[in-house]
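Undergrad: There's a structure below that I have some questions on.
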Amino acid sequence: MSDLFISNLPPGVTAATPVEKRLLAEYGAMFVAQGVTVPNNIVFRDEEEVSEFQARIHISHDKIGGADMELQSAAMDALLKAEIVAEQKGLSISPRDSDSARRSYRDTVELWASRVEPALDHWESEQRLDRKDAERIRSLSPYEQVPVILQLEEDGIYFAKDLSKSIIYSVAPPGASQHLSLLAFDIKEHANENVRAILARHFWFQTVVSDLPHFTYLGVEENELPNLGLKNIENGGRTFWIPDIQI
Ligand SMILES: [Zn+2]
């Protein structure tokens, strides 16, 4: 792992297991965000841990694109400024959906289950999983399901919506979503490069290569991101800033 990225992580955040390392590589850019509060662990275990975190951060409620949204205050201030600049140029910045900003742990569990349940049914009917194993996975908590599912995917038993790739390219595992930290926003106009440029000038960047509408508040100018241990990846004409770590 790059010492620079690791040295910028908040105290207590360590990628102790292979799963945590993988999640950090996939969704971890948020952990080096500046001027905001980030979680003390890579994955929230349950509703209680999420509630505890959300209770100790500064949250602003405001309208983005005419819809009520909640974000950490610094992230909201920057997004409101970006929205004004966009409007001056005849563009708009608006949420993709009602859950574009804040999410609860339960929301992330529902999204996860919407991939896991049909995939378990499918692989059971294909006889790649026997009934007993499928039942055992169904009985686990979402937190416990994550390593088991990632292990099955090593053998080509995939859980993304189209069953041809890893579930983590389809949904964030429960407790790992940046939306739980109120530092992410899913934007309807993500395909517009001028909108993306305005967002970047207001410290909102793309950080998850598999999630095109998803932007993350990082709190610094783009030219400072390498100093936080992030590296840029060009994909489909877009710039993504991701943790500079090896997995
Ligand atoms: Zn998102």
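The values are calculated or read from the model by the stated rules, or taken from the named source; none is laboratory data. The shown structure was predicted, so the numbers you read here are calculated from the model rather than taken from an experiment. Backbone-built Cβ (ideal geometry, glycine too); neighbour counts: all protein chains shown. For accessibility, only protein heavy atoms count, side chains too; no ligands or nucleic acids. Shrake-Rupley method; radii C 1.70, N 1.55, O 1.52, S 1.80 Å.
Undergrad: Quote the Stokes-Einstein diffusion coefficient, in whole µm² s⁻¹, for region 105-169, based on the Kirkwood radius over alpha carbon pairs, a temperature of 20 °C and a viscosity of 1.002 mPa s.
TA: 183 µm²/s
Undergrad: Grab the beta carbon distance between VAL209 and GLU135, set R0 = 30 Å, and tell me the FRET efficiency rounded to 0.05.
TA: According to the calculation, E is roughly 0.30.
Undergrad: Could you put PHE203, PHE53 in order of accessible surface area, largest first, with the 1.4 Å probe and the full protein assembly present?
TA: The residues order as PHE203, PHE53, largest area first.
Undergrad: Could you work out the mean projected area of the convex hull around the alpha carbons of the chain, in square nanometres to one decimal? All intermediate terms of the calculation are to be shown ahead of the outcome.
TA: Details: hull surface 52.0 nm².
Computing the convex hull of the Cα atoms and averaging its projections yields 13.0 nm².
Undergrad: Let me ask something additional. Ranked by accessible surface with a 1.4 Å probe, highest first, in what order do ASP77, ASP244 come?
TA: Descending accessible area places them as ASP77, ASP244.
Undergrad: Also: Please list, by residue number, every one of the GluC sites (Glu not before Pro) in region 186-247 that is coil in DSSP and has at most 12 other beta-carbon atoms within 10 Å.
TA: Listed in order of number, the matching sites are GLU221.
Undergrad: Any chance you could look up the accessible area of ASP46 with a 1.4 Å probe, heavy atoms only, rounded to 10 Å²?
TA: The value for ASP46 is about 60 Å².
Undergrad: Report the charge-dipole magnitude of the chain in Debye, nearest 20, computed about the Cα centre from +1 at each Lys and Arg Cβ and -1 at each Asp and Glu Cβ. Could you put the intermediate results ahead of the total?
TA: Working: 24 positive and 39 negative charges, 64 e Å.
The calculation lands at about 300 debye.
Undergrad: Also, quick follow-up: Can you list the residues, at least 5 places off or on another chain, whose amide H is less than 5 Å from the amide H of THR207, using H built in the peptide plane?
TA: THR216, TRP241
Undergrad: Quick query: amide H of LYS231 versus all other amide H atoms, modeled in the peptide plane; which residues come in under 5 Å with a sequence gap of 5 or more or a different chain?
TA: ILE242, ASP244
Undergrad: So what is the 222 nm mean residue ellipticity for the chain from helices alone, if each DSSP H run of at least 4 adds -39500 (n - 2.57) and you divide by all residues, rounding to the nearest 500 deg cm²/dmol?
TA: Taken over the chain, the calculation gives -11500 deg cm²/dmol.
Undergrad: Related question: For region 105-169, with only Lys/Arg (+1) and Asp/Glu (-1) charged at the beta-carbon, what is the dipole magnitude about the Cα centre, in debye rounded to 20?
TA: Its charge dipole is roughly 100 debye.
Undergrad: Take THR17 and ARG96, extend 7 Å from each Cα along the Cα→Cβ direction, and tell me the distance between the two endpoints in nm.
TA: Label at THR17, label at ARG96, 2.8 nm between them.
Undergrad: In what order, largest first, do SER114, SER125 sit by accessible area if the probe radius is 1.4 Å?
TA: Correct descending sequence by accessible area is SER125, SER114.
Undergrad: Next question, about the same structure. Between ARG128 and GLN151, 0.36 nm times their residue separation minus their Cα-Cα distance comes to what?
TA: 6.9 nm
Undergrad: Provide the FRET efficiency to the nearest 0.05 for the LYS63-SER164 pair, computing r from the beta carbons and using R0 = 41 Å. Present the calculation step by step, with values, prior to reporting the outcome.
TA: Numbers: r = 39 Å, r/R0 = 0.94.
That pair, LYS63 with SER164, gives E of 0.60.
Undergrad: Moving to a separate point now. What number, in percent, do you get for the relative contact order of the chain if the mean sequence gap of Cα pairs under 8 Å and at least 6 apart is divided by its residue count?
TA: Values: 403 pairs, mean separation 71.1, N = 247.
After rounding, I find 29 percent.
Undergrad: Per 0.36 nm of contour for each residue apart, how much would the distance between ASP3 and GLU221 grow if the chain were fully extended, relative to their Cα-Cα spacing?
TA: 76.4 nm is the gain from fully extending ASP3 to GLU221.
Undergrad: Relative contact order of region 105-169: what whole-number percent is it, with Cα pairs under 8 angstrom and at least 6 residues apart?
TA: Normalised by residue count, the contact order of region 105-169 is 30 percent.
Undergrad: What percent of all Cα-Cα pairs in region 20-77 falls in each 10 Å bin, counting up from 0?
TA: 20, 42, 33, 4
Undergrad: Pick from GLY28, GLY90, GLY65 the residue whose mean-square fluctuation is largest in a GNM of the chain, springs joining Cα atoms under 10 Å.
TA: Taking springs between Cα atoms under 10 Å, the residue moving most is GLY90.
Undergrad: Name the long-range amide H neighbours of ILE59: under 5 Å, sequence gap of 5 or more, or other chain; modelled H, no Pro or chain starts.
TA: Sorted by chain and number, the residues that satisfy this are SER73.
Undergrad: Which of LYS81/LYS165; LYS89/LYS161; LYS165/LYS188; LYS165/LYS231; LYS81/LYS188 have a Cα-Cα distance over 28 Å?
TA: Correct reply: LYS81/LYS165; LYS89/LYS161.
Undergrad: Select from ALA119, ALA134, ALA176 the residue whose mean-square fluctuation is largest in a Gaussian network model of the chain (Cα-Cα springs shorter than 10 Å).
TA: Looking only at ALA119, ALA134, ALA176, the biggest GNM fluctuation is shown by ALA134.
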